[in-house]
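Enquirer: Structure below; questions to follow.
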Amino acid sequence: MNQKPQSGLTRREMIKTTGKIAAGTALANVILPRMYAAESNTINLALVGCGGRGTGAAENALSTSGPTKLVAMADVFPQKLADSHANLAKNEKLREQMDIPDDRRYIGFDGYKKAMDCLKPGDVVLLTTPPAFRWVHFSYAISKGLNVFMEKPVTVDGPTSRKMLTLAAESVKRNLKVGVGLMCRHCKARGELFDRIQNGEIGDIVLMRAYRMAPGPTAKEFCKKKPDGISELLYQIKEFHSFLWASGGSFSDFLIHNIDECCWMKNDWPVEAKGTGGRHYRGDAVDQNFDNYSVEYTFADGSKFYLEGRGMLGAYQEFASFAHGSKGSAVISSAGHSPCNCRIHKGQNQKNNKDVAWAFPQPEPNPYQLEWDHLMDAIRNDKPYNEVERGTKASLVTSMGRMACHTAQVVTFDQMLECEHEFAPDIDKFTMESSAPIVADADGKYPVPLPGLNKKREY
Ligand SMILES: NC(=O)c1ccc[n+]([C@@H]2O[C@H](COP(=O)([O-])OP(=O)(O)OC[C@H]3O[C@@H](n4cnc5c(N)ncnc54)[C@H](O)[C@@H]3O)[C@@H](O)[C@H]2O)c1
C-alpha cells in the first residue's frame, strides 16, 4: 500500500489514451478493450469466481461512491454464477448497476480471460476464486492494465509465492491499484490500536496469542467421498477448503486473518514456525486437513506468537487475537472480524475492566466496505495502492505455520519461500477435462500429511 509507483499510466491517462496506444508504450502488450462505459468516469467491474465472497465483494464494489457497473461474470459452475447474479439483482439499487447479458456470463477455466476482455485498462477485476488460481488470473489482469481486487490467501505454497512477488513488483511498476482481501487491515479500530502500539502504549510486544476455534467444521473443511456425476477436478474445486492445492486447507483459509492482524501489530513477519496438529473424530470425511493446529511463531527479536486453530464438534469456541507488552496488553479482536472491540489494558489481565486504558468507541465501520472505499479512492485519485507484496507475505507466513504442523519440522520464512513443492503446477492449463492435482485411493481417501514421516513435503 505504501509502495510508490515507478512508472505507468494513471487511470485518467489510460482512459485518455485508450484507442491510440501505439506499440512501444508501457501498455504495448495490452489488448485494446471494447468500451461499455458511457461516462468516462464509470469504473466497470468483472467478477471472476461468483461464490459467497465474490458476490459480497461485488456488492461492496458497487456500493462505493462514484459510478460503477458490473459488466461480466465468470465461474466454472453455471449455477454459482446464476445464484450470484440473482442474489445481487435482488437489490434494486445494485440491479441498476448491473449489465450482464448472457453473452457476458462465462463458464469454464478460460472464463477469466473473456470476462477481463470486457474491461478497459483502469477498470477493476475481482479475483475471488479459491487462491490456487490467483497468480494465473492476476498475470492476465496485469497484461490487460486492470486494477484488481483479490481475495486472501493469495498463494498457498513456496513456488507460487515467488511468482506472486514478481507479479506484485510488475503491477507496482505499471501503477496498477491492487487490493487484497485482508480487510482487517482497513478496520478503523485496529488502525488506531496499531498507532497506539507503535507509540509504545503497551511497551514492547513480547507475546501474542490468537485463536480460531470453531465448535465444528467450518465451510468445506471436512469433505465426504466424491459422489458420481462430477469430475474429480470440479469436486476438489467445489470442496476447496478440503484440498491443500486449492486453498492451503482450513489452516490457510481460516487462520490467515488472525496471523495477519498479529503480524501487523508487531509490525514484522515471523522468521520461523514450529507446530503440531492431528486428525481426530474423522467419521467418513476424506479431506486433507487436520482438525486442530497449534503453532509457535518466532520473530527476529525472539518474541513469540502462539496460534491455535480447531474445528471440532462440542469443543470450546473462540475467535480472537491478543498482544502482551512490557507495559500492558491489547485486545486486537475479540469475536471474529468485526466488530473487533479493540482495547488496551494497563496490565496483563484482560478480564479486568477497571484497568482499560483505551477502547475504540462503537459502532465500528464495516471493514469489508472500507477496503473497497479505499481501493476505489486510490483508483479515482491515482494514489499509490498495492497490497500484493504484503498479502503474499501474509500468505507465506501462513503456509510456513501450516507446513510446520504438517511436517513436524521447524520451518523458516526463507525455507518456505524457497520450498519447491508446487501443489498445482499446471493450473494455468486446466480445462474441464483436466485431471485433478491429487487423486483419491481405492477407498476414496486423499493423501494426508504425515508429520515426522514426510519432512520435506506436506503430502
Ligand atoms: N476476506 C474474507 O473474510 C473472506 C471470506 C470468505 C472467503 N474469502 C476468500 O474468498 C475466496 C472464495 O471463497 P468463497 O467462500 O467465496 O468460496 P465459494 O466456493 O463460495 O466461491 C468461489 C467461486 O469460485 C469459483 N471458481 C473456482 N475456480 C474457478 C476458476 N478457475 N475460474 C472461475 N471461477 C472459479 C467457484 O465455482 C465458486 O463459485 C477464497 O480465497 C476465500 O478464502 C475471504
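Enquirer: If the requirement is being in contact with a Lys or Arg (Cβ under 7 Å, 6 or more places away or on another chain), acidic (Asp, Glu) and farther than 28 Å from Phe109 by Cα, which of these qualifies: Glu192, Glu201, Glu261?
Expert: One residue alone meets the criteria, Glu261.
Conditions (1) outside the structural domain of Gly311 (by TED's automatic domain parsing); (2) within 19 Å of the chain's Cα centre (by Cα); (3) surrounded by fewer than 24 Cβ atoms within 10 Å (Cβ to Cβ); (4) closer than 29 Å to Asp428 by Cβ, marked per residue:
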{"position": "Leu233", "(1), (2), (3), (4)": "no, no, yes, yes"}
{"position": "His241", "(1), (2), (3), (4)": "no, yes, no, yes"}
{"position": "Ser250", "(1), (2), (3), (4)": "no, yes, no, yes"}
{"position": "Asp253", "(1), (2), (3), (4)": "no, yes, no, yes"}
{"position": "Ile259", "(1), (2), (3), (4)": "no, yes, no, yes"}
{"position": "Cys262", "(1), (2), (3), (4)": "no, yes, no, no"}
{"position": "Val271", "(1), (2), (3), (4)": "no, no, yes, no"}
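Enquirer: When residues of the stretch 49-88 are filtered for being within 18 Å of Gly108 (Cα to Cα), in contact with a helix residue (DSSP H, G or I) (Cβ under 8 Å, 6 or more places away or on another chain) and away from the ligand (no atom under 11 Å from the Cβ), how many remain?
Expert: Count: 2.
Enquirer: Cβ contacts < 8 Å: first residue in contact (Cβ under 8 Å) with a residue 60 or more places away in the chain and more than 10 Å from Met98 (Cα to Cα), restricted to the stretch 55-82; second residue within 8 Å of the ligand (Cβ to nearest atom) and among the β-branched types (Val, Ile, Thr), any location; separation 6+ or different chain. Result?
Expert: The qualifying pairs are Ala57/Thr128; Val76/Ile237.
Enquirer: Regarding Arg380, is this residue touching a strand residue (DSSP E or B) at 6+ places or on another chain (Cβ under 9 Å) and assigned by TED's automatic domain parsing to the domain that holds Val172? Reasoning before the result, please.
Expert: Working: touching a strand residue (DSSP E or B) at 6+ places or on another chain (Cβ under 9 Å): yes; assigned by TED's automatic domain parsing to the domain that holds Val172: yes.
When the stated conditions are applied, Arg380 passes them.
Enquirer: OK, next. How many of the residues in the stretch 111-140 are over 28 Å from Ile438 (Cα atoms), among the small types (Gly, Ala, Ser), more than 10 Å from the ligand (Cβ to nearest atom) and assigned to a helix (DSSP H, G or I)?
Expert: Total satisfying the criteria: 0.
Enquirer: State whether one or more residues within the stretch 95-110 are within 22 Å of the chain's Cα centre (by Cα), within 12 Å of the ligand (Cβ to nearest atom) and assigned to a helix (DSSP H, G or I).
Expert: no
Enquirer: Restrict the check to the stretch 297-313 and report whether at least one residue is crowded, with 17+ Cβ neighbours inside 10 Å, assigned by TED's automatic domain parsing to the domain that holds Lys224 and without any contact (Cβ under 8 Å) to a residue 24 or more places away in the chain.
Expert: No: zero hits.
The values are calculated or read from the model by the stated rules, or taken from the named source; none is laboratory data. Since we're looking at a predicted model, the values are computed, not measured. Positions of Cβ are backbone-derived with ideal geometry, glycine not excepted, and every protein chain shown enters the neighbour counts.
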